[in-house]
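The values are calculated or read from the model by the stated rules, or taken from the named source; none is laboratory data. Everything numeric in this text was worked out from a predicted model, so none of it was measured. So basically every Cβ, Gly included, is an ideal-geometry build from the backbone, and we count neighbours across all protein chains shown.
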Amino acid sequence: MELSRRRLLQGIAGAGAAGAGLALAGCAPSAAAAPTDVVDFHGPHQAGIATAVQDRLAFMTFDVTSTSRADVVELLKSWTTAAEAMTRGAAVPGAPPDDQVPPADTGEAVGLPAARLTVTVGFGPSLFTGPDGSDRFGLAARRPAAFVPLPALPGELLDPARSGGDIAVQACSDDPQVAFHAVRNLARIGRGTVVARWAELGFGKTSSTQGSADGDPGGTPRNLMGFKDGTRNIVGTDDAALDQHVWVADADGQGWLGGGSYLVARRIRMFVEPWDRDRLGDQEAVFGRFKDSGAPLTGKAEFDAPDYAATGADGPVIPANAHIRLASPENNGGLRILRRGYSYTDGIDATTGTLDAGLFFLAYMRDPNQFVTLQRKLGTSDALNEYIRHVGSGLFAVPPGTSGPDDWWGRALFS
Amino acid sequence: MTPTRSRAACAAAAVLSAGLLAAACASSPQPSAGGPPATNVSIEISDAGCGPNPATVPTGPVNFAVTNPASDKVTEAEVLGGGKILGEKENITPGLDGAFSLRLDPGTYSVYCPGAAKDTWAFTVQGNGSAAADTSLTAATQAYHDYVVTEVGQLQTAAKTFTDAVRAGDISAAEQAYAPARVHYESIEPVAESFGDLDPAIDARIDDVTDPTQWTGFHRIEKALWADHSLAGMAPVADKLDADIATLKAKVATNTYQPAELANGASDLLTEVSTSKVTGEEDRYSHTDLWDFAANIDGARKAFELLQPALAATDPDLAQQLEARFTDVVNGLAKYRSGNGYEDYGAVTDTDRRSLADSVNALAEPLSQVAGKVV
């Protein structure tokens, strides 16, 4: 039996199985909200990458504790089914309520809308090859050549307890509880096969994939430094740019990953207290943008193209070590990545009494080397390095989307 | 102890259905329905031996009554099968008696009484089929009753060794006897809710009691031994522990259990092991936590094994998954075996504790589904 959360809210639970995904769009009481409220689960690419960025994030990585390939397959099938239901705003499928057993769905999203939930799954290098070099699940031969753990990079001091993982789940939604509910329920379903390794909640989006034309109101959302960063992000409807920079092509190597992508997750701690004491002119020089408008120092409006050649009395208007200059495609052979990060905070750093807060950087790309190239440059020279440190890291191969109800995440990899 | 569970389950009973009420708080005696009737066997121990009477019985539950009219030399009797002690009665000095119950498959067993002229006596169970293969839930709950009765009998004996050492002021002997005595309480913790106030009296931790001066039981003496290094004032606590266990023994003789109570009790207990006991909070002074974990797992597994035939009939996949995960947990604990017991929990690293918690969690999750299948 499947229960729509909305139907529960309306007090007509049990009035019949809302088995078809059409229920919300076709005849649910809240049909008017449905078209923008539900993101399609199935498609050539997983949702949650090119999708317009939602307000909130719940991210969790898992380690597989089972040694059985069949267990992993079963897990991915169960997860796909549950995620597809939750994406529609339905409860996790399971047996009808029974006083004697815990409910199949944990319940905290009952009454909440679908809220544009997307659930996106990726596989870590450690799923393919164990730390001892073992072929854990018979997947070693299917690991793409480009897919190796990220090398040590400048600007990082990584906490192993907030890095890595065999499988990653990114849940994004406009409602924080809907996003949390999704990862919590997948963790529960996976118990016995996987254990949670680390998790991060993102309370505010810092990226837009909608560009300047029909973009988010107010343009690019601001990060915790108060700046608009990532203004020239890849737009989710720009298929040419996505094919060139984000989606892995069948011909790139391993066919199972065709239509997929690579996800780089970085927990980037910001030292916000020192930043807040930095004078405005220096803050703007560090980024290469005006704080208020978000415009490049050579422009007037946020989406004006930066002019890296422009010089003033003291040299380049956008300084040589400004963040946007070092990260720009113009100065990296045309390299671009799709950014989807969120602001996070985990309370107070017990040692220093400062805020443990920053950017949970999420970026999708066709080849992990795109990030490595950028970070080698940024980690060495970026003026921002005085105020940030990369403290957590993960790299994941994100399989393509599912074609329909019989498909499941990673089917091509395991078949 | 299981303070929050016992309070919550019974306090909430008013708003629960009658079926749940029975599951949560059953304690009144009920005649067992169905299944073969129990056979009574008497074993009189003497310098000469311990012949059972009758020496041949039909398949099913057997109540053994052990008496010792006059022998100083022979003070215990054990029923052995397949190289294992299935049930025993120790410290039966002249004039004392004792009892235990077993559910025995057809086969050949022996009664053993060390020290006697003839110390091994044959005992035969006749019949067809298997006592354990009885899929009726009545048989399962009756067998669990028998198990609890046996464990509490052993608890009484082992605790007496402990409390005698406490009363004698022998810190070393008391420390040695502490964990082996607790094992027989931790093994029946899945149904500790049915013990009422005896559970906190026997097993409360310092943070479970509102008035520390009224704190009693194992953990009070544990603190005296390992934290205070003094048994001053502990003799009355030892006396009360013996008295509480005697009361518990009388109580469990008549307690009956519901199938869901066994399943939920086992599931709740494992959840407690994986989320709080794993931090080392239970035996925080003695660090004998691994003994308790092993006993908790044994008791939960006993409950599962008894429900297993009924479960296998309704959900064989779940039954098989639980078998495998119990095995994982038992194997995980076996790494820490040392002598007759377990390593000091203080020496178990955080990483290894996490690994234990993970395996117990993996077991407790499907175990939470069992109650729905066996009622």
(message) Which count do you get for residues in the stretch B:350-375 that are under 22 Å from the mean Cα position of the chain (by Cα), within 8 Å of another protein chain (Cβ to nearest Cβ) and not in a helix (DSSP H, G or I)?
(response) 1
(request) Please give the helices (runs of 4 or more DSSP H) falling wholly within the stretch B:203-281 in which 2 or more residues are more than 30 Å from A:V195 (Cα to Cα). (result) B:218-222, B:235-254
(request) Restrict the check to the stretch A:93-101 and report whether at least one residue is away from every other protein chain (no Cβ under 14 Å), surrounded by fewer than 23 Cβ atoms within 10 Å (Cβ to Cβ) and under 20 Å from A:R188 (Cα atoms). (result) yes
(message) For the stretch B:270-308, which positions are closer than 16 Å to B:Q369 by Cβ and of a type in the set (A, V, I, L, M)?
(response) B:L270, B:A300, B:A303, B:L307
(request) Filter the stretch A:69-106 down to residues that are of a type in the set (S, T, N, Q) and not in a loop (DSSP other than H, G, I, E, B), then give me how many there are. (result) 4
(message) Looking at B:G346, B:G332, B:G339 in this structure, which one is touching a Ser or Thr at 6+ places or on another chain (Cβ under 7 Å), of a type outside the set (A, V, I, L, M, F, W, C) and more than 9 Å from every other protein chain (Cβ to nearest Cβ)?
(response) B:G332
(message) Can you find, within the stretch A:353-400, the residue that is surrounded by the fewest Cβ atoms within 10 Å (Cβ to Cβ) among those that are of a type in the set (D, E) and closer than 15 Å to A:M270 by Cα?
(response) A:E386
(message) Please go through (1) in contact (Cβ under 8 Å) with a residue 60 or more places away in the chain; (2) out of contact with any helix residue (DSSP H, G or I) (no Cβ under 9 Å at 6 or more places or on another chain) for B:T108 and return the number of the only condition it doesn't satisfy.
(response) (1)
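Taking B:F326 as the residue in question, decide whether it is surrounded by 17 or more Cβ atoms within 10 Å (Cβ to Cβ), within 14 Å of chain A (Cβ to nearest Cβ) and aromatic (F, W, Y).
Against the criterion (surrounded by 17 or more Cβ atoms within 10 Å (Cβ to Cβ), within 14 Å of chain A (Cβ to nearest Cβ) and aromatic (F, W, Y)), B:F326 qualifies.
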(message) Any residue at all in the stretch A:322-334 that's hydroxyl-bearing (S, T, Y) and under 22 Å from A:V119 (Cβ atoms)?
(response) no
(message) On the basis of being within 14 Å of chain B (Cβ to nearest Cβ) and either on the phi > 0 side of the Ramachandran plot or without any contact (Cβ under 8 Å) to a residue 12 or more places away in the chain (or both), does A:D63 make the cut?
(response) no
(request) Identify, by number, the condition in (1) surrounded by 15 or more Cβ atoms within 10 Å (Cβ to Cβ); (2) outside any strand (DSSP E or B); (3) not acidic (D, E) that B:L102 doesn't meet. (result) (2)
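So for the stretch B:285-306 (the condition being closer than 25 Å to B:F218 by Cβ, within 14 Å of chain A (Cβ to nearest Cβ) and in contact (Cβ under 8 Å) with a residue 24 or more places away in the chain), does at least one residue qualify?
Taking every residue of the stretch B:285-306 in turn, none turns out to be closer than 25 Å to B:F218 by Cβ, within 14 Å of chain A (Cβ to nearest Cβ) and in contact (Cβ under 8 Å) with a residue 24 or more places away in the chain.
Residue by residue, here is whether (1) assigned to a loop (DSSP other than H, G, I, E, B); (2) at pLDDT 95 or above; (3) in contact with a strand residue (DSSP E or B) (Cβ under 6 Å, 6 or more places away or on another chain); (4) over 25 Å from A:A52 (Cβ atoms) holds:
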position: A:T352; (1), (2), (3), (4): yes, no, no, yes
position: A:Q370; (1), (2), (3), (4): no, yes, no, no
position: A:L374; (1), (2), (3), (4): no, yes, no, no
position: A:T380; (1), (2), (3), (4): no, no, no, yes
position: A:G394; (1), (2), (3), (4): no, yes, yes, no
position: A:T402; (1), (2), (3), (4): yes, yes, no, no
(request) Would you be able to tell me the number of residues in the stretch A:177-214 that are part of a helix (DSSP H, G or I) and away from every other protein chain (no Cβ under 14 Å)? (result) 7
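Residues checked against (1) among the β-branched types (V, I, T); (2) within 18 Å of the chain's Cα centre (by Cα):
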{"site": "B:A263", "(1), (2)": "no, yes"}
{"site": "B:L270", "(1), (2)": "no, yes"}
{"site": "B:V273", "(1), (2)": "yes, yes"}
{"site": "B:S286", "(1), (2)": "no, no"}
{"site": "B:W291", "(1), (2)": "no, yes"}
{"site": "B:K302", "(1), (2)": "no, yes"}
